[in-house]
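The values are calculated or read from the model by the stated rules, or taken from the named source; none is laboratory data. Remember, it's a predicted structure, so these values are computed and weren't measured experimentally. Note that we place each Cβ from the backbone using ideal geometry, even for glycine, and neighbour counts take in every protein chain shown.
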Amino acid sequence: MDSLTSKLRLKIIVIRRDNIGDLVCTTPIFHALRLRYPDAHICALVNSYNVDVLRNNPDINEIYAYTKAKHREKGETVLGVYISRLRLFAKIRRQHFDYAIIAGAHFIPRALRLARMIRPRHILGFTESDQSGSRYIDIGIPYTQPHPMHEVEDIFRLLAPLGIEGKPPETRVIPESTELVEAQKKLRHNGLTTSDGVIGVHISARKISQRWPATRFAELIQKLHELHGRQFILFWSPGDENNPLHPGDDSKAKEIMDAVQNVPILAYPTHQLRALIGGLSLCDIVICSDGGAMHLAAGLGKPILCFFGKSDAARWHPWGVPHRVLQPASREVNDISVEDAMTSFASLLNDISSQAPEC
């Protein structure tokens with residue numbers, strides 16, 4: 001391994017095929033690799049659903065994205081998806097990577113299959129004794145958890161064989177310049193400005209246990225405006241809530257907007273991930289449930305008030321930014337009151353104020 005790591009142009013590809021939040025939690029790996037091997041050719045293999053998380057990341061030389069069949073575009077066939085994937089992997093193999101890192105907790109058979117298709121000199125990943133496929137990982141780390149860990153900390157351990165240890169850096173997400181300009185334009189068009197402070201409120205959540213009612217979002221927005229004079233951007237996944245494939249929150253957003261007509265607020269449905277990243281980048285603080293938007297906000301360096309339902313807050317809380325977690329004993333976000341949210345928001349503001357540098 002020493003002969004490989006001493007190369008001037010080491011080639012490393014990091015594989016993460018999971019959801020948005022998982023990929024955000026992987027960005028510290030790219031940054032640590034860049035710091036340790038500044039001249040290396042560092043790449044990512046992700047899917048078309050989460051690829052925007054890594055756009056413009058200066059730690060990455062090239063991003064390879066494949067499309068899962070369930071994420072194919074309208075009019076695109078399943079056969080077409082697989083043909084494109086084969087072409088992509090043929091292109092990646094020609095790069096002759098030194099290391100393929102399977103970024104994810106536990107042994108991940110599907111990611112291992114992708115790594116083997118790349119044909120790197122070495123595959124680095126977690127192994128488990130009861131998984132026969134572990135034998136294909138030649139630089140294996142037996143998966144054990146000596147104590148509860150955040151997702152970022154857990155997968156960061158994969159870098160130990162490459163001489164990288166210690167506390168992981170912050171997560172990192174960088175907005176597209178065009179999306180940032182578009183978000184600023186929408187804000188101005190609605191008579192709002194970032195100079196007065198903007199609170200981002202994201203109301204969508206995939207899990208039912210993570211969903212807070214529209215009436216409480218509206219009441220919280222109203223009270224925060226009255227108390228702090230802030231402006232707001234309301235984010236949500238667009239669409240009909242009854243759509244079985246891609247349920248949206250158009251009706252929930254309308255209910256909230258109708259209830260806060262006297263509040264300076266911009267309605268911001270996000271059809272694409274890059275639009276959500278651009279909009280969140282304009283916010284000073286973000287209020288949301290656990291999920292992809294929360295991790296994006298953390299990657300953008302935003303303080304966060306987050307609602308947790310039936311998920312592990314110790315493992316998935318915002319990494320590297322001031323935050324407050326609200327998780328009721330019932331593990332149902334619906335049981336969080338507006339008063340609870342107001343109290344936690346005030347505590348978060350105090351935390352932010354105490355960390356601000358003195359002039």
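The set of residues in region 167-190 being in a loop (DSSP other than H, G, I, E, B) and more than 17 Å from LEU273 (Cβ to Cβ) consists of LYS167, PRO168, PRO169, GLU170, ASN190. Whenever a residue of region 224-250 is surrounded by fewer than 22 Cβ atoms within 10 Å (Cβ to Cβ), its partners that are part of a helix (DSSP H, G or I) and modelled with pLDDT under 90, lying with C-beta atoms within less than 9 angstrom and at least six residues away or across chains, give the pairs GLY229/ASP196; ARG230/ASP196; LEU245/LYS70. Set side by side, the residues ALA214, ALA183 differ, and just one is within 18 Å of THR270 (Cβ to Cβ) and either surrounded by fewer than 22 Cβ atoms within 10 Å (Cβ to Cβ) or not assigned by TED's automatic domain parsing to the domain that holds LEU282 (or both), which is ALA214. If only residues of region 109-151 that are more than 18 Å from TYR64 (Cα to Cα) and touching a residue at least 40 places away in the same chain (Cβ under 8 Å) are counted, the one that is farthest from the chain's Cα centre (by Cα) is ARG121.
Taking strands (runs of 3 or more DSSP E) as the structural unit, those lying wholly within region 253-359 and holding at least 2 residues that are assigned by TED's automatic domain parsing to the domain that holds TRP212 and under 18 Å from THR171 (Cβ atoms) correspond to 285-289, 304-307, 323-326.
Against the conditions (1) buried (at least 21 other Cβ atoms within 10 Å of the Cβ); (2) over 28 Å from PRO238 (Cβ atoms); (3) of a type in the set (Val, Ile, Thr), VAL286 satisfies every one except (2). Inside region 303-344, residues that are touching a His at 6+ places or on another chain (Cβ under 9 Å) and surrounded by 15 or more Cβ atoms within 10 Å (Cβ to Cβ) make up a count of 12.
Residues in region 142-166 that are of a type in the set (A, V, I, L, M) and in a helix (DSSP H, G or I): VAL152, ILE155, LEU158, LEU159, ALA160, LEU162. Filtering region 90-107 to residues that are in contact (Cβ under 8 Å) with a residue 40 or more places away in the chain and either of a type outside the set (A, V, I, L, M) or under 21 Å from ARG157 (Cβ atoms) (or both) leaves GLN95, HIS96, PHE97, ASP98, TYR99, ALA100, ILE101, ILE102, ALA103, GLY104, ALA105. When SER337 is tested against (1) of a type outside the set (Phe, Trp, Tyr); (2) touching a strand residue (DSSP E or B) at 6+ places or on another chain (Cβ under 9 Å); (3) modelled with pLDDT of 95 or more, just one condition goes unmet, and that condition is (2).
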